[in-house]
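Visitor: Handing you this structure, nothing more for now.
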Amino acid sequence: MDSNDIKTQARSDLLGRRKVERVDFIVAGVQKAGTTAIHDFLAQHPHIALLRDQALHFFDKEENFGSSRTGLCEPDYRILHGNFAPGWRWRVAGEVTADYLYYPRALERIARYNPEMKLIISLRNPIGRAFSQWNMRREKGQETLEFLDALKRDQEIGIWKRPRGNAYIARSLYSPQLEKAFELFPRDQVFVLKYEDFRTDPFSVLDRIFDFLGVRSVSRLKNKERNRGSYSRKITMQEREYAAAIFDDDISRVEELLDWDCSDWRVKTAVTTVA
């Protein structure tokens, strides 16, 4: 520790502020399922410390873990811990990175870093999630294909061959991602919520999250309504039905894994009656 670090530590101690030396929880995904909104709510809690840089992506950046193919080189966790501002009221420290659930190596690194880590996972109707991601990439000029063609391209390439980039299908197949999380962490350390419930009644879901994290519930939280996708068009029935056929089996598996009713995620076809 150099002289500047000693001075900073002494100043923090004098003010009664504590540095973060271990991350206690991670909001690990999924992409386009309200993780930014969850971050904004958690940031308002006086007993929760969050990273200053939400885009740090510590556990899924290969450069943080050396050049080992296994990704298990000992990283410099000071990069992670130093991104938290010292404080005097926080009780738990957390990170919000929506790619961690999807990127298996990140989960393995997280489990190695802190086996007692608590994971928060938000799942969204996989059709809506994939369509939202496609819209986001179109807005950024990263996707030239129409949604249906983009799904077909994913199928032709092989859905598990692109851990980054588009991966509209792979990111929306939740059961393999959940199974990996449950393999690495006890179930009582994993809190899974349904995005649609969060959108409908965010404060009820937040109370459950706070209880899961071991901090008290707080009132008068501000809903910033940030990062909502502005779609250039609505999904067509043809696109919806094509995507539904892709995700139907996985939805059934999610229902089994979580003991959920995901009928609201399925495409409802009109029933015609014969007089």
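Visitor: Between Glu183, Glu196, Glu139, which is modelled with pLDDT under 95, of a type in the set (Asp, Glu) and surrounded by fewer than 20 Cβ atoms within 10 Å (Cβ to Cβ)?
Guide: Details: Glu183 fails: modelled with pLDDT under 95; Glu196 fails: modelled with pLDDT under 95.
Glu139 is the lone residue from the list that is modelled with pLDDT under 95, of a type in the set (Asp, Glu) and surrounded by fewer than 20 Cβ atoms within 10 Å (Cβ to Cβ).
Visitor: Restricting to the stretch 171-212, what's the tally of residues that are farther than 21 Å from Asn125 by Cβ and either assigned to a strand (DSSP E or B) or among the aliphatic types (A, V, I, L, M) (or both)?
Guide: Residues flagged as farther than 21 Å from Asn125 by Cβ and either assigned to a strand (DSSP E or B) or among the aliphatic types (A, V, I, L, M) (or both) within the stretch 171-212 amount to 1.
Visitor: On the given criteria, is Ser263 open to solvent by 60 Å² or more (accessible area, probe 1.4 Å) and either modelled with pLDDT of 95 or more or small (Gly, Ala, Ser) (or both)?
Guide: When the stated conditions are applied, Ser263 does not pass them.
Visitor: In addition: Given Leu123, Leu101, Leu145, which one is among the hydrophobic types (A, V, I, L, M, F, W, C), surrounded by 14 or more Cβ atoms within 10 Å (Cβ to Cβ) and free of Cβ contacts under 8 Å to residues at least 60 places away in the same chain?
Guide: Leu145
Visitor: (1) touching a strand residue (DSSP E or B) at 6+ places or on another chain (Cβ under 9 Å); (2) open to solvent by less than 10 Å² (accessible area, probe 1.4 Å): which one isn't true of Arg109, the others all being true?
Guide: Status for Arg109: all satisfied but (1).
Visitor: What about Gln44, is it in contact (Cβ under 8 Å) with a residue 12 or more places away in the chain, over 17 Å from the mean Cα position of the chain (by Cα), within 16 Å of Val27 (Cβ to Cβ) and open to solvent by 40 Å² or more (accessible area, probe 1.4 Å)?
Guide: yes
Visitor: Filter the stretch 107-127 down to residues that are basic (Lys, Arg) and outside any loop (DSSP other than H, G, I, E, B) and give me whichever is nearest to the chain's Cα centre (by Cα).
Guide: Among residues in the stretch 107-127 that are basic (Lys, Arg) and outside any loop (DSSP other than H, G, I, E, B), the one nearest to the chain's Cα centre (by Cα) is Lys118.
The values are calculated or read from the model by the stated rules, or taken from the named source; none is laboratory data. Model, not experiment: these values are computed from the prediction. Glycine also receives a Cβ, built like all others from the backbone with ideal geometry; neighbour counts cover every protein chain displayed. Areas reflect the complete protein model, heavy atoms only, side chains present, ligands, DNA and RNA absent. Shrake-Rupley method; radii C 1.70, N 1.55, O 1.52, S 1.80 Å.
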